[in-house]
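Here is the structure we will look at, set down as structure tokens.
No value in this document is a laboratory result; all are computed from the given coordinates. Fair warning: this is a prediction, and the values are worked out from it, not measured in the lab. Note: ideal-geometry Cβ built from the backbone for every residue, glycine included; neighbour counts use all protein chains shown.
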Amino acid sequence: MTLDTDFAALSVPETILLWFKANMMDLIGAVAVLVIGLTIAGLLSRSVSRALAKSDKLDPSVAGLLSNLVKYSLWAVVLITVLTQFGVETTSIIAALGGMALAVGLALQGTLSNVASGVMILVQKPFKVGETISVGSILATVQEIGLFTTELKQPDGLFVMMPNNALWNQPIVNFARHPVRRFELVVGIGYGDSMEQARSELIALAEADERVLAEPAPVAYVSSLDDSSVGISLRVWCNTPDYLGLSWDLTEAAKAKFDEVGITIPFPQREVTTKAA
């Protein structure tokens, strides 16, 4: 009876036991490499995570992403090393994995684009959670920044989930990034009213409001000569958190003051001349 015939005559448990005996040293080496490799991978990924967490320049989401990339890369190295212990030709496996990665990348091109845009948003930080931004036709407050999408909340309470790619490829206006903002109020007065008085009243209103910054100083000027009115503009600077309340209050105060001193805010007028036939 030949060796192949003897081997074929063995039962399944006997075959497995024989294989274990023949490959005992390779198995011990593979298990050792696996345990040690995974332990080192875990230690290195945690070390990278702690090091990145100490950096003020990196968002926590970016730190977590980089830490996971390090961990999974080390896992791949450990897996290839273990396969090498059994004499497996890893070159073909790496080539196959590369082909699969390319196919998956092409299939998930849009998704990967969102991931890349999400990483750029987290690194460049054009906005942060809690800041109000305008992108395209969307005006909303940032609620959460993810790798694929960003969650927004509009002023009327509506929820908006925008793909990161759509955010990154458009101009982003951040209303909360700078500490101070300029507010401009334009009021139309009648052609028969005093422009100098209107400017003085607006300046007085601005200087009386403690939210208006002294520097740059408030300025009022004639900004337009319209069909039915003269446009008087008031420009003031304020702290960004005070902008909305100040804009409401100054607009209301200007109307009340002009009514008090007799400066008219005319309705649009049109003169119609009828010629006799």
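Between Ala76 and Ala276, residue separation times 0.36 nm minus the direct Cα-Cα distance comes to 62.5 nm. Ranking of Ser117, Ser228, Ser233, Ser137 by neighbouring Cβ atoms within 10 Å, starting from the fewest: Ser137, Ser228, Ser233, Ser117. With a simple spin-label model that places each label point 7 Å from the Cα along the Cα-to-Cβ direction, the separation between Gln124 and Ala204 comes to 4.9 nm. Using just the C-alpha positions of the stretch 236-277 as equal point scatterers, what log10 of I(q)/I(0) does the Debye formula give at each q in 0.17, 0.21, 0.27, 0.32 1/Å? One equal scatterer on each Cα of the stretch 236-277 leads to -0.66, -0.79, -0.93, -1.04.
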